[in-house]
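So the structure is just underneath, and the comments pick up after that.
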Amino acid sequence: MAILVGPGGLGTPAEAGIDKYKKAGLGCAEVEFTHSIYMDNKRAKEVGDYAKKQGILLSIHAPYFLNLVSKKQSVISASKRIILKCAELGHYMGAKYIVFHSGYYSGREKDEAFDMVEHAIKEMNDVIEENDWNVMLAPETTGKLSQFGDIDELSEMHKKTKCAVCVDFAHMRAKYNGKIDFKHVCDAMKKFKFSPLHLHMSGITWGPKGEKAHKLTPIDEIKEVLNWLKKYKFNVTMINESPDTFGDAVKTLKLLH
């Protein structure tokens, strides 16, 4: 069993952030392309080589403004192009998981939304395979009731497409009004056929429609997640996405040991 902890974001320059994380004893980090893709393949390789040298495992978070369930085909096509660009960069960077939000139901039935996301992932997997990119797409469990991507939908997606899954505990907490069925989630994770499992963690606020905003990660919530991960003996990379990603990742590391 290994639990690697790290922050979302590398900072500028990336090498300085990686040095900082290494010195703090962290083991992973997520490159945040959430607002824009700010690297080319050459820079991605430089950052990835440096992270590998320092023993920091990298993943990528694709931009937020994606929707594979849009009513506009142009939006779906653009979303796939953006995810595939992240996959290409991930290959050069040595980042195994390409995390993304699949999109909003947009008035569609859940079954129809599932079929659309499945189709898009299979199409993107074909491109990844054709290019021999060494990455896995990782749709993320989402925090708003209007968003596709609960643990059951993504468990089934994993079975049908062999994609990875990013399990975000904060999003699940928001989606289910503060109550996570940890046994159900961990039983689902136990069936995932990829390793290490990739997780997100933070504090979160929510309302009737689900997620509102991330906040600092409460210690009791960190302890609860760590206890379940240890109980199931999972190998994981766990990225913190609170407003203080580095501080909360270090806090998690201290609680882990």
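The values are calculated or read from the model by the stated rules, or taken from the named source; none is laboratory data. None of these values were measured; they are calculated from a predicted model. Neighbour counts run over all protein chains shown; Cβ positions are idealised from the backbone, glycine included.
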Does the stretch 137-160 contain at least one residue that is farther than 11 Å from Leu68 by Cβ, among the aromatic types (Phe, Trp, Tyr) and surrounded by 15 or more Cβ atoms within 10 Å (Cβ to Cβ)?
no
Which residue, of Val117, Val99, is surrounded by 14 or more Cβ atoms within 10 Å (Cβ to Cβ), at pLDDT 95 or above and touching a Phe, Trp or Tyr at 6+ places or on another chain (Cβ under 9 Å)?
Val117
Residue ID - nearest to Ser195 (Cα to Cα), chosen from residues in the stretch 224-257 that are in contact with a helix residue (DSSP H, G or I) (Cβ under 6 Å, 6 or more places away or on another chain) and of a type outside the set (A, V, I, L, M)
Tyr232
Pair list, Cβ < 8 Å and 6+ apart or interchain, from the stretch 1-28 residues that are in contact (Cβ under 8 Å) with a residue 40 or more places away in the chain and over 20 Å from Lys96 (Cβ atoms) to residues that are part of a loop (DSSP other than H, G, I, E, B) and of a type in the set (Gly, Ala, Ser)
Lys20/Gly11
Since Phe65 meets every condition but one in (1) in contact (Cβ under 8 Å) with a residue 12 or more places away in the chain; (2) hydrophobic (A, V, I, L, M, F, W, C); (3) surrounded by fewer than 16 Cβ atoms within 10 Å (Cβ to Cβ), which condition does it not meet?
(1)
Mind checking which residues of the stretch 14-36 are surrounded by fewer than 16 Cβ atoms within 10 Å (Cβ to Cβ) and either outside any helix (DSSP H, G or I) or under 19 Å from the mean Cα position of the chain (by Cα) (or both)?
Gly25, His35, Ser36
Kindly provide the set of residues from the stretch 37-57 that are among the β-branched types (Val, Ile, Thr) and either assigned to a loop (DSSP other than H, G, I, E, B) or at positive phi (or both), ordered by number.
Ile37, Ile56
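Does Lys42 count as out of contact with any Pro (no Cβ under 7 Å at 6 or more places or on another chain), surrounded by fewer than 18 Cβ atoms within 10 Å (Cβ to Cβ) and farther than 30 Å from Lys230 by Cβ? It would help to see each step written out before you state the result.
Values: out of contact with any Pro (no Cβ under 7 Å at 6 or more places or on another chain): yes; surrounded by fewer than 18 Cβ atoms within 10 Å (Cβ to Cβ): yes; farther than 30 Å from Lys230 by Cβ: yes.
Yes, satisfied.
Show me the strands (runs of 3 or more DSSP E) entirely contained within the stretch 113-232 in which 2 or more residues are in contact (Cβ under 8 Å) with a residue 60 or more places away in the chain and among the hydrophobic types (A, V, I, L, M, F, W, C).
Working: elements: 136-139, 166-168, 197-201, 203-207, 210-215.
Output list reads 203-207.
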